[in-house]
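Only one structure is covered here, and it is reproduced in the block below.
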Amino acid sequence: MRFIHTTLPQRVRFASGAAAAGVRAETERLGARRVMVIAADAERALADEITADLPVALRHHEVAMHVPVELAERARAAATDHQADAIVSVGGGSTTGLAKAIALTTGLPIIAVPTTYAGSEATDVWGLTENAVKTTGRDPRVLPAAIVYDPSLTLTLPADLSVASGLNALAHCVDSLWAPQSDPINAALAAEGVRALNAGLPEVAEDPSGVDGREHALYGAYLAAAAFASAGSGLHHKICHVLGGMYDLPHAQTHAVVLPYVLAFNAPNAPGADRRLAAAFGADTALAGLQALRARLNAPAALRDYGLAESDLPAAVEAILEAVPESNPTPATEDNLAALLRAAWEGSEPA
């Protein structure tokens with residue numbers, strides 16, 4: 001056994017109903033005196049409540065999927081104009097992504113308060129979109145200094161969005177098993193993440209007002225993101241980043257749709273990963289376990305349901321082919337990627 005594993009330096013708080021106290025403690029620990037609070041309009045009231053006791057210098061509510069460059073530039077200018085010395089982000093992956101875009105050029109520390117299962121808060125990965133191309137990179141400056149997890153904050157996330165966001169987290173687990181820097185520690189985190197998500201997401205779907213399922217799902221989402229942060233982006237994330245950047249598809253739903261097709265594509269040439277995932281699902285195979293979960297969740301099924309046109313497929317395949325990691329278990333060709341993407345577009349049975 002030979003590997004190199006990187007554990008990212010980050011403080012994690014996890015407690016239901018304790019977001020405000022946790023954020024206040026982390027702000028004091030950083031010594032911040034002029035906090036920039038980022039939250040989309042939908043989370044504005046929640047963010048105001050959580051940050052009521054903080055020394056807030058400005059509140060910023062212009063948030064968009066895939067972090068357009070022009071939006072990031074406006075947010076960076078606002079942070080500089082108000083002499084912010086820390087950022088508190090309250091929301092999902094788009095909100096965290098904007099905070100990261102600011103930190104990338106300013107070095108401001110981030111306290112992330114997630115309200116979805118996106119996982120961006122646990123990685124040093126940033127993403128920006130310009131001219132329909134999404135560019136991602138890694139930089140220690142964008143890793144939040146602290147995460148404040150409060151499962152009760154996800155109670156307002158509708159069940160269908162919870163399902164999509166949770167399957168996005170599950171995709172982090174799956175991709176971590178064959179991403180460029182995959183290793184046994186990532187695999188252990190990913191397997192436990194799958195187990196927790198497989199237990200928690202059906203509870204969330206069946207009882208959206210219950211906290212137990214939300215706790216399991218959020219715990220699993222963190223493990224998934226921690227594994228992904230070390231392992232890097234595999235084929236699944238390369239596909240979804242291309243589709244999101246080129247066609248502005250909804251992030252979580254795109255991940256939820258594409259995941260079983262990538263798993264079916266790679267599992268035959270990654271038997272160790274297949275066995276580990278199958279065990280975490282409690283199923284005979286990884287794909288059978290994933291499909292059983294998706295059936296319980298009534299998961300998103302087809303890319304054409306989310307705005308991808310059939311005429312978009314050839315250009316998407318060409319862009320994806322250029323981004324496929326060399327470590328991918330199944331060699332990618334124009335033909336087999338085209339078949340994968342068409343099946344995902346149609347929502348046909350993955351095979």
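The values are calculated or read from the model by the stated rules, or taken from the named source; none is laboratory data. These numbers were taken from a predicted model, which means no experiment stands behind them. Positions of Cβ are generated from backbone atoms using ideal geometry, with glycine treated the same way; all protein chains shown enter the neighbour counts.
When Leu128, Leu155 are checked against the criterion of being surrounded by fewer than 24 Cβ atoms within 10 Å (Cβ to Cβ), touching a helix residue (DSSP H, G or I) at 6+ places or on another chain (Cβ under 9 Å), farther than 22 Å from Ala323 by Cα and of a type outside the set (S, T, N, Q), a single residue qualifies: Leu155. If the condition is being surrounded by fewer than 17 Cβ atoms within 10 Å (Cβ to Cβ) and within 15 Å of Cys240 (Cβ to Cβ), then segment 326-351 contributes no residue at all.
Evaluate segment 16-38: report whether one residue or more is under 22 Å from the mean Cα position of the chain (by Cα), closer than 28 Å to Val242 by Cα and assigned by TED's automatic domain parsing to the domain that holds Gly93. Among the residues of segment 16-38, at least one is under 22 Å from the mean Cα position of the chain (by Cα), closer than 28 Å to Val242 by Cα and assigned by TED's automatic domain parsing to the domain that holds Gly93, which makes the answer yes.
As for segment 195-209, it holds no residue that is of a type in the set (Val, Ile, Thr) and in contact with a Leu (Cβ under 7 Å, 6 or more places away or on another chain).
Of the strands (runs of 3 or more DSSP E) lying entirely inside segment 80-136, those containing at least 3 residues that are among the small types (Gly, Ala, Ser) are 86-91.
Being under 27 Å from Glu206 (Cβ atoms) and at pLDDT below 95 holds for only one residue in Asp160, Asp150, and it is Asp160.
Looking across segment 192-219, the residues that are under 14 Å from the mean Cα position of the chain (by Cα) and either closer than 15 Å to Ser16 by Cα or aromatic (Phe, Trp, Tyr) (or both) come down to Ala217, Leu218, Tyr219. Among the conditions (1) of a type in the set (Ser, Thr, Tyr); (2) under 21 Å from Ala118 (Cβ atoms); (3) over 22 Å from the mean Cα position of the chain (by Cα), the only one that Ser311 does not satisfy is (2). Only residues that are in contact (Cβ under 8 Å) with a residue 60 or more places away in the chain and charged (D, E, K, R) were counted in segment 41-69, giving 1.
Whether any residue in segment 290-298 is among the small types (Gly, Ala, Ser) and in contact (Cβ under 8 Å) with a residue 40 or more places away in the chain is what I want to check. No, the conditions are met nowhere in segment 290-298.
Name the single residue that is modelled with the lowest pLDDT among those in segment 28-53 being surrounded by 22 or more Cβ atoms within 10 Å (Cβ to Cβ) and either in a strand (DSSP E or B) or not hydrophobic (A, V, I, L, M, F, W, C) (or both). It comes out as Glu43.
Residue-wise test of (1) touching a Gly at 6+ places or on another chain (Cβ under 8 Å); (2) over 14 Å from Ile50 (Cβ atoms).
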{"residue": "Ala77", "(1), (2)": "no, yes"}
{"residue": "Asp81", "(1), (2)": "no, yes"}
{"residue": "Gly93", "(1), (2)": "yes, yes"}
{"residue": "Thr105", "(1), (2)": "no, yes"}
{"residue": "Ile111", "(1), (2)": "no, no"}
{"residue": "Thr115", "(1), (2)": "yes, no"}
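For every residue, the table says whether it meets (1) touching a Phe, Trp or Tyr at 6+ places or on another chain (Cβ under 9 Å); (2) part of a loop (DSSP other than H, G, I, E, B); (3) at pLDDT below 95.
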{"site": "Ala171", "(1), (2), (3)": "yes, no, no"}
{"site": "Ile185", "(1), (2), (3)": "yes, no, no"}
{"site": "Ala188", "(1), (2), (3)": "no, no, no"}
{"site": "Val194", "(1), (2), (3)": "yes, no, no"}
{"site": "Pro202", "(1), (2), (3)": "no, no, no"}
{"site": "Pro208", "(1), (2), (3)": "no, yes, yes"}
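Number of residues in segment 54-66 that are part of a loop (DSSP other than H, G, I, E, B) and either surrounded by fewer than 23 Cβ atoms within 10 Å (Cβ to Cβ) or at pLDDT below 95 (or both) equals 7. Filtered by the rule that a residue be among the hydrophobic types (A, V, I, L, M, F, W, C), touching a residue at least 24 places away in the same chain (Cβ under 8 Å) and surrounded by fewer than 19 Cβ atoms within 10 Å (Cβ to Cβ), segment 72-82 gives a lone residue, Ala78.
Quick one: is Thr285 in contact with a helix residue (DSSP H, G or I) (Cβ under 7 Å, 6 or more places away or on another chain), surrounded by fewer than 22 Cβ atoms within 10 Å (Cβ to Cβ) and more than 30 Å from Glu206 (Cα to Cα)? So Thr285 fails the test.
Tally time: how many residues in segment 208-235 are under 19 Å from Ala292 (Cβ atoms) and surrounded by fewer than 23 Cβ atoms within 10 Å (Cβ to Cβ)? Total meeting the criteria: 1.
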